[in-house]
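The values are calculated or read from the model by the stated rules, or taken from the named source; none is laboratory data. Computed from a prediction, not measured in an experiment: that's the story for all the values here. Counting neighbours? That spans all protein chains shown, and the Cβs are built from the backbone with ideal geometry, glycine included. For accessibility, only protein heavy atoms count, side chains too; no ligands or nucleic acids. Shrake-Rupley method; radii C 1.70, N 1.55, O 1.52, S 1.80 Å.
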Amino acid sequence: MWHPSELAYCSNLHPGETLADVEANLSRFFSPVMAKRGQTQMASGLWLSASAASELQHPEALQHFRRCLQRNGVSLTTLNGFPYGNFHQSEVKDDVYLPDWSDPRRLFYSCQLAVILANCLPHHVTMGAISTLPLGYRQHWNDDKHQKAIEHLIWLNEELAVLKDLEGRHIQVCLEMEPDCVLESTSQMIDFFAALSAANGGYPEHLGVCFDVCHQGVMYEDAYDSLRRLTEAGIYIGKIQISNAFEVDTQALEDPLSDLPDVLAQFAEARYLHQVKARHADGRLSAMPDLSEALSAMYAPGSELAEAENWRVHFHVPLDMAQCTHPAMTPLHDTLNSVFQFLSDYRYQVKPWLEVETYSWLVLPPGLQPQNDDDLIGGIVKELNWLEQRLKDRGLLRYD
C-alpha cells in the first residue's frame with residue numbers, strides 16, 4: 001500500500017539543466033504543489049541532467065542539495081535518468097535517446113545518478129529506482145551496439161552492488177520500454193532480460209523495468225497482462241510512470257468535413273517525438289515515427305494508415321482529462337485502470353514507486369497549455385489527486 005506522500009511527479013516537465021535550476025524548481029513548483037495537497041512531505045522523481053549529476057559528485061554540492069531537499073520537504077526516492085540533457089531545447093525528437101547504452105557516457109551518467117540517489121534516499125527507505133532508456137532508438141541500432149549495451153549494463157550492475165555494500169542502499173536502474181525503440185514491447189523486454197541474465201551468469205539484481213503506461217498503451221498492449229508477464233518472468237518492476245495517451249478514430253479523419261486533422265495538427269508540435277501506432281482489423285500494427293509524419297502520410301495513395309481502424313498517439317496528456325479536444329480523440333483511461341487493477345491483485349508481490357509523468361504540459365495545444373505557474377501547479381495537483389483517488393478506490397492507500 002502507498003501513503004499519499006509517496007506519490008511523486010517527475011520534474012522533467014520543468015526546464016532546467018543546471019543544479020541551480022533544479023534547486024530553484026524545488027521551491028518554485030514542488031513546495032507549492034505540496035502545500036496545495038496539504039502535505040509537508042512528498043516523494044519526488046527528479047530529472048537530473050548529466051550536467052547537474054556531474055555537479056553533485058562534489059561532496060559540498062551534494063550536502064547542500066540534501067539540505068535543499070529537506071528544506072522543501074522533498075523525499076528523493078527515484079530519479080529519471082532517461083534524458084541525458086537538453087530536454088527542453090526547441091527540438092529534441094530522437095536526440096533524447098543519445099547517448100544510448102552502447103556509449104560509455106550513458107554508463108557513467110547512470111553511475112553518477114546512483115551515487116546521488118543512494119546518498120539522498122530518506123533514512124527509512126532502503127531501495128530507490130532510476131529509469132533509463134530502452135537501450136536506444138531502433139533506427140540507429142545494430143548488433144555491435146547491442147553487445148556493448150549488454151556489457152555496459154552488466155558493468156553497471158556490478159558497480160551498483162559495490163555501492164550497496166558501501167552505502168547500504170539498493171539502487172535499481174530500470175529500463176523503460178518505448179515505441180520505436182530497441183525494447184518497445186513486453187516480449188522484447190522479457191527476451192532481453194533472459195539474454196542479459198545468461199550473459200551475467202544470473203539475474204542482474206540491480207536492474208529492472210520502469211513501466212510507462214502511455215508507452216505500452218500506444219503499443220496496444222494489455223497493461224495488466226504486460227505487468228503480470230514481467231512479474232512472472234522474475235523481472236523487478238522498480239517504477240511505474242503513471243501517464244496517459246490518446247486514441248484516434250480514423251473514420252473521423254476520412255470525413256472531408258471533419259476538423260480532426262486540424263485538431264491533431266495542434267498536437268504535432270516540434271519539440272518531442274509523438275510516435276503513432278495504427279491497428280488494423282486483422283490486429284496488425286502500422287507505425288509512423290511522429291504524428292506530423294502520420295498526418296502527412298494519411299492521405300497519400302495506398303496509405304496503410306488510412307486503412308487502420310484507429311491510431312494511438314504517444315503524447316502524455318493530463319491524467320484527469322476526461323475528454324480530449326475532439327470527440328474522435330479518447331484518453332486511454334482503460335489502460336490506466338488495468339494498471340491499478342494489477343496493483344490491487346498483486347499488492348503483496350510488487351510495490352513499485354509511482355510517478356506521474358506528464359512532461360508535455362508546456363507543449364500542449366494553446367487551449368490546454370498552462371498560462372502561468374499557478375495554472376501548472378494546479379494541473380499537477382489535479383493529476384496527483386486523481387491518482388490518489390484511483391488508489392483509494394482499490395484500497396491501496398494508507399493514511400497512518
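Of the numbered criteria (1) in contact (Cβ under 8 Å) with a residue 60 or more places away in the chain; (2) aliphatic (A, V, I, L, M); (3) surrounded by fewer than 16 Cβ atoms within 10 Å (Cβ to Cβ), the one residue 35 fails is (1).
For the condition under 21 Å from residue 160 (Cβ atoms), open to solvent by less than 40 Å² (accessible area, probe 1.4 Å), in contact (Cβ under 8 Å) with a residue 40 or more places away in the chain and aliphatic (A, V, I, L, M), what is the one hit in 7, 113, 69? Before the answer, list the steps.
Working: 7 fails: under 21 Å from residue 160 (Cβ atoms); 69 fails: under 21 Å from residue 160 (Cβ atoms).
Only one candidate qualifies: 113.
Taking the options 293, 307, name whichever one is without any contact (Cβ under 8 Å) to a residue 40 or more places away in the chain and either basic (Lys, Arg) or in contact with a helix residue (DSSP H, G or I) (Cβ under 9 Å, 6 or more places away or on another chain) (or both). Steps first, answer last, please.
On the way: 293 fails: either basic (Lys, Arg) or in contact with a helix residue (DSSP H, G or I) (Cβ under 9 Å, 6 or more places away or on another chain) (or both).
Testing whether each residue is without any contact (Cβ under 8 Å) to a residue 40 or more places away in the chain and either basic (Lys, Arg) or in contact with a helix residue (DSSP H, G or I) (Cβ under 9 Å, 6 or more places away or on another chain) (or both) leaves just 307.
In the set (1) buried (at least 22 other Cβ atoms within 10 Å of the Cβ); (2) in contact with a Ser or Thr (Cβ under 9 Å, 6 or more places away or on another chain); (3) assigned to a helix (DSSP H, G or I); (4) not polar (S, T, N, Q), residue 82 fails one condition alone, (3). Restricting attention to the range 116-132, the residues that are out of contact with any Asp or Glu (no Cβ under 6 Å at 6 or more places or on another chain) and crowded, with 19+ Cβ neighbours inside 10 Å total 8. Within the range 220-260, can you find the residues that are open to solvent by 50 Å² or more (accessible area, probe 1.4 Å) and not in a loop (DSSP other than H, G, I, E, B)? Passing the criteria: 224, 225, 228, 229, 232, 249, 251, 254. Would you say residue 136 is among the small types (Gly, Ala, Ser), surrounded by fewer than 22 Cβ atoms within 10 Å (Cβ to Cβ) and without any contact (Cβ under 8 Å) to a residue 60 or more places away in the chain? In short, no. When each of 373, 334, 400, 320 is tested for being in contact with a helix residue (DSSP H, G or I) (Cβ under 9 Å, 6 or more places away or on another chain), closer than 22 Å to residue 6 by Cα and open to solvent by 40 Å² or more (accessible area, probe 1.4 Å), the lone residue that passes is 320. You will find that of 198, 161, the residue that is surrounded by fewer than 22 Cβ atoms within 10 Å (Cβ to Cβ), under 30 Å from residue 121 (Cα atoms), out of contact with any Phe, Trp or Tyr (no Cβ under 9 Å at 6 or more places or on another chain) and of a type in the set (A, V, I, L, M) is 161 and no other. Checked against the criterion of being open to solvent by 20 Å² or more (accessible area, probe 1.4 Å) and touching a helix residue (DSSP H, G or I) at 6+ places or on another chain (Cβ under 6 Å), the candidates 151, 91, 167 yield just one match: 167.
Residues that are in contact with a strand residue (DSSP E or B) (Cβ under 9 Å, 6 or more places away or on another chain), in a helix (DSSP H, G or I) and surrounded by fewer than 18 Cβ atoms within 10 Å (Cβ to Cβ) within the range 264-295 comprise just one, 293.
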